[in-house]
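Participant: Before I ask anything, here is the structure I am working with.
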Amino acid sequence: MASLAGISSPAWSAGDDDKTSSFYDYSQRAAELAMQAMSVVDAQYRYGGNSPETGVDCSGLVRYVYKKAWGAELPRTAAAISEVGESIETAELQPGDLVFYNTQRRRFSHVGIYLGDNKFVHAPSKGGKVRVEDMAGSYWQVRFNGARRITDPEKERIETERMIQAFRDDAKPKTLVRSR
């Protein structure tokens, strides 16, 4: 599993009725990923590159976006990234999910970030620039290998805090009240 750093987020907020309750808005957090990915469009491709200023390759783009948006540390290669998170069906794709392709005669040799409406952003190849593509294009359809959803570190933090609090609540000594 990827090493994930905890970060704060506007997607976590207290409820109006119960100040101790909270809710988590995955769609808002996923939008952060999509917006961060769009900010890298037109960056130069560079094999092994990790930053838009000096160039990125496909996995460098994904790592950069997830680090900037969520503080998440992902593996270095598309193949290694394909082992992180959970596998999802194409029909379940949401902005921020990862889409994988076989572009070099091996599975999971290319990765991009799904934006919605069948579009994804990726760093294509030498001499190219980061751009948005349509997954429905024949080139991408025949090379599609699958999709994955990376767990948001903020959601993990929230769920961990809830579990710890529930454990603490259960561990508190119970006061018995005798009825007369």
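Participant: Using a cut-off of 12 Å between beta-carbons, work out the net charge of the residues near Glu92 (Lys and Arg +1, Asp and Glu -1, Glu92 not included).
Facilitator: Details: positive: Arg148, Arg149; negative: Glu86, Glu89, Asp97.
Counting the neighbours of Glu92, the net charge comes to -1.
Participant: Same structure again: Considering only the stretch 26-180, what is the antiparallel percent among its DSSP beta bridges, to the nearest 5? Let's see the in-between values first.
Facilitator: Details: 21 of 22 bridges.
Antiparallel: roughly 95 percent of the beta bridges in the stretch 26-180.
Participant: Now, a different point. Rounded to two decimals, what is Rg over Rh for the stretch 29-180 when you use alpha-carbon atoms and the Kirkwood radius? Don't skip to the answer; put the middle values down first.
Facilitator: Values: Rg = 20.0 Å, Rh = 16.7 Å.
My calculation of the ratio gives 1.20.
Participant: Name the long-range amide H neighbours of Ile88: under 5 Å, sequence gap of 5 or more, or other chain; modelled H, no Pro or chain starts.
Facilitator: Ala147, Arg148, Arg149
Rule-based calculations on the coordinates, nothing more; no lab input. Small disclaimer: the values here were computed from a predicted structure and weren't measured. Reconstructed Cβ throughout: ideal geometry from the backbone, glycine too, with neighbour counts over all protein chains shown.
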